[in-house]
Amino acid sequence: MVMQLPEGDRYSMSYKYMISRLVIMMGGRVAEEIKFGKENITSGAASDIDQATKLARAMVTRWGFSDKLGHVAYGDNQEEVFLGHSVARQQNVSEETAQLIDAEVRRLIDEAYKEAHRILKEHRDAWLAIAEGLLEYETLSGDEIKAIIKGEKPARDLGDDTPPSRGSTVPKAGARKDDKKKGGEEPDAGMEPQPQG
């Protein structure tokens, strides 16, 4: 999972900022397609796709960022639920307008996808290096990402008199602190569960 820290509290976002957020949200899916092929993509981008869809819908229905729909706020179709059963449905927009909203949301998402594809194709070596860095170090700061793009390994300061580390402070999967069990025996071969017979 990739997370970004917020740059600060935002009470108002520009159109340009929102479009860039959509492009970022499409990046994970596009990277998977470029690296592994469309037939091998995973569900890993589900959250990004969901958030991008919500942002694009708000841009179209709440903030007037669609020339086709104009500067009008459109309410969502809402269902009132009683004990798990729908008892009433309130339709706030016509079917034709709902289709236009869906088309505009799709357009924004598709344009963001195309832009993410262009950027990732153009900077393939950089994002592949970052992906390898994340596999090795698990977390990367902004400065560490810049170093990796330059071809340098991040230097990690462990906070004591130990010289900066060139590796992860997290042990590798399956690694143990003790090389030997009590009594001087060799550690178990492999940490994987074995089938029961």
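Structural remarks
- Each label was represented as a point 7 Å from its Cα along the Cα-to-Cβ direction; for Glu39 and His123 these points are 3.1 nm apart.
- Here the gap between Glu95 and Ser20, fully extended at 0.36 nm per residue and compared with their Cα-Cα distance, gives a gain of 24.0 nm.
- Where labels lie 7 Å past Cα in the beta-carbon direction, separation of Ile49 and Lys150 in nm: 3.8
- Residues whose amide H lies under 5 Å from that of Arg156, counting only those 5 or more places away or on a different chain, are Ser165, Arg166, Gly167; hydrogens are built 1.01 Å from N in the peptide plane.
- Listed pairs Lys16/Lys153; Lys16/Lys150; Lys16/Lys146; Lys54/Lys153; Lys35/Lys68; Lys54/Lys150 exceeding 30 Å between Cα atoms: Lys16/Lys153; Lys54/Lys153; Lys35/Lys68; Lys54/Lys150
Each value in this text was obtained by applying a stated rule to the coordinates, not by laboratory testing. A quick note: this is a predicted structure, and the numbers were derived from the prediction, not measured. When we count neighbours, we look across all protein chains shown, and the Cβ atoms used for this are built from the backbone with ideal geometry, even at glycine.
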